[in-house]
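The values are calculated or read from the model by the stated rules, or taken from the named source; none is laboratory data. This structure is a prediction, so every number in the text was calculated from the model and none was measured. Please note: Cβ atoms are built from the backbone with ideal geometry, for glycine as well, and neighbour counts cover all protein chains shown. Calculation scope for accessible area: heavy atoms of the full protein, side chains included, ligands and nucleic acids excluded. Shrake-Rupley method; radii C 1.70, N 1.55, O 1.52, S 1.80 Å.
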Amino acid sequence: MKNKIIYLIGAIVVIFDQLTKMFIDKSKTIIEGFFYLNPVENQGAAWSIFSNQTIFLISISLVILVVLFRYQVFFKMNKRNKIAFGLVYGGLLGNLLDRVLFGYVRDFLDFYIFKYDYPVFNIADIAIVCGLILLIIAVIKGEDVNENNSNKKPRKTRQVSSK
């Protein structure tokens, strides 16, 4: 395990996510008109898409975990990318654990932004979004091609003849 920090971050996210879900058991106003702790059972994914499709969502989560795990070797393993993969793994596993144990994801962070009741979410969701943003930055910066990657093809340079 040469990238232990990734798995450590993932484990911390899962633990923090599960602990917060256990302790948020009733609704509470934090900032009136803006932020509430409101425990809900999300039967679907983001914005409740694929509601009541638990087996499908579990399968998709497992496929994404495997693909990310396999794709991870292509990334330069700097601090940001290790954090990114750890956040995504932890978030996916936190929500996957809920789906397997309960058949739904326990969400509780509820925001009203400009009178819009934003979909309720949890710590795992925050970790996934932050991790994906960091991975997008890595791809934009070209850090998704590790210099040790044997699949990396050398760039062809064009020879210009001087006539």
Check: What are the residues in segment 3-46 that are of a type in the set (Ser, Thr, Tyr) and either touching a strand residue (DSSP E or B) at 6+ places or on another chain (Cβ under 7 Å) or open to solvent by less than 40 Å² (accessible area, probe 1.4 Å) (or both), if any?
Finding: THR20, SER27, THR29, TYR36
Next item on the list: Considering every residue within segment 105-115, establish whether at least one is more than 14 Å from TRP47 (Cβ to Cβ) and either of a type in the set (Val, Ile, Thr) or in contact with a His (Cβ under 8 Å, 6 or more places away or on another chain) (or both).
Entry: yes
Next item on the list: Evaluate segment 37-57: report whether one residue or more is in contact with a Gly (Cβ under 7 Å, 6 or more places away or on another chain), of a type outside the set (A, V, I, L, M, F, W, C) and closer than 16 Å to VAL129 by Cβ.
Entry: no
Item checked: Residue, modelled with the highest pLDDT, within segment 51-74, restricted to residues that are of a type in the set (Gly, Ala, Ser) and loosely packed, with under 15 Cβ neighbours inside 10 Å -> SER59
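For every residue, the table says whether it meets (1) open to solvent by less than 80 Å² (accessible area, probe 1.4 Å); (2) at pLDDT below 95; (3) under 26 Å from LEU57 (Cα atoms).
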residue	(1), (2), (3)
LYS76	yes, yes, no
GLY90	yes, no, yes
ASN95	yes, no, yes
VAL100	no, no, yes
ILE123	yes, no, yes
VAL129	no, no, yes
ILE133	no, no, yes
LYS152	no, yes, no
GLN159	no, yes, no
